[in-house]
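**Q** Please read through the structure below; I'll follow up with questions.
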């Protein structure tokens, strides 16, 4: 079963997809934020196109583990996606995913000119890989 991951942001939304065995996460694309309803429809389209059996949505928390304004926006996006498709959704802690994505690119030796810019789809892959790794341990 493929799993789709979403890294919601204020301007851009990163999307990643797993392989069919739900073992490896791969960055897919970045969607420019338009409106919650349009964004949810695009995400639902990707999920249907790739025949995802689950959608994982990144949700950030503050240092004390409490909700933030961004996490509440992620909750509202999840509700909008749920209205667009019947694919199950789960929220996953995305704290530090963008920093982890930058670090992963450094470790992989990605040239500086390719590291510059936005890392949204890579951050979505980091979120998804974290989710997949946690499920593999159980």
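Read the figures in this text as sums done on the coordinates, not as results from a lab. As the structure is a computational prediction, the values presented were derived from the model and not from experiment. Cβ sites come from the backbone with ideal geometry, for glycine too, and all protein chains shown count toward neighbours.
**Q** Over the range 1-104, what number does the Rg to Rh ratio reach, with both radii from the alpha-carbon atoms and Rh per Kirkwood?
**A** With Rh from the inverse mean 1/r over Cα pairs, Rg/Rh is 0.94.
**Q** Within a 10 angstrom radius of the beta carbon, how do 26, 34 rank from fewest other beta carbons to most?
**A** 34, 26
**Q** FRET efficiency for residue 86 and residue 64, Cβ-Cβ distance as r, R0 = 25 Å, nearest 0.05?
**A** 0.10
**Q** Take residue 72 and residue 50, extend 7 Å from each Cα along the Cα→Cβ direction, and tell me the distance between the two endpoints in nm.
**A** According to this spin-label approximation, the distance is 3.0 nm.
**Q** Using a 10 Å cut-off around each Cβ, can you sort 7, 45, 86, 93 from fewest to most neighbouring Cβ atoms?
**A** Ranked by crowding around the Cβ, least crowded first: 86, 45, 93, 7.
**Q** Which order do the peptides 62-69, 76-83, 122-129 come out in when sorted by mean C-beta neighbours inside 10 angstrom, highest first?
**A** 122-129, 76-83, 62-69
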